[in-house]
Amino acid sequence: MPWSKQDYPASLKNLNPKVRDKAIEIANALLRENYEEDRAISIATAQAHEYVEGRSEGRPHYEVKPREDEWIFRKSGSDHVMFKEDTKSALLDKAKKYVTEHEGILSIYHADGSHDKTLYE
């Protein structure tokens, strides 16, 4: 059963209204993908906080970006390069493994520097 701004799970009751509205939207999408209700609420709440407030429960953020004629992997906001490769695909193999092991979030960028996608949110 889809939720609305007037009819939603009790666990969303005390959330900031903007976060709650986004959580309802995300949870409904997850339910359409056959997620269990409890799991959908949990995922939706975390993602709504990230979307509205820009936080993700203290998880580290990493990024794969182009730099001159190479690709670099680093923690977001840091100048320290953790890995570098000649190709994006070679770097992504290492980066995905590292981010998964450290329970982080990975932002991936296009060669032109624009944001492509975010993984592990």
Can you tell me which residue within region 89-103, out of those that are open to solvent by 50 Å² or more (accessible area, probe 1.4 Å) and in contact (Cβ under 8 Å) with a residue 12 or more places away in the chain, is nearest to SER114 (Cα to Cα)? LYS96
Of all the residues that make up region 79-121, how many are polar (S, T, N, Q) and either touching an Asp or Glu at 6+ places or on another chain (Cβ under 8 Å) or under 30 Å from ALA44 (Cβ atoms) (or both)? 4
In this structure, does GLU25 turn out to be at pLDDT 90 or above and assigned to a strand (DSSP E or B)? no
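The values are calculated or read from the model by the stated rules, or taken from the named source; none is laboratory data. Here the structure is a predicted model, which means the values were calculated and not measured. Virtual Cβ from ideal backbone geometry, glycine too; neighbours counted across all protein chains shown. Protein only, heavy atoms only, side chains kept; ligands, DNA and RNA dropped before computing areas. Shrake-Rupley method; radii C 1.70, N 1.55, O 1.52, S 1.80 Å.
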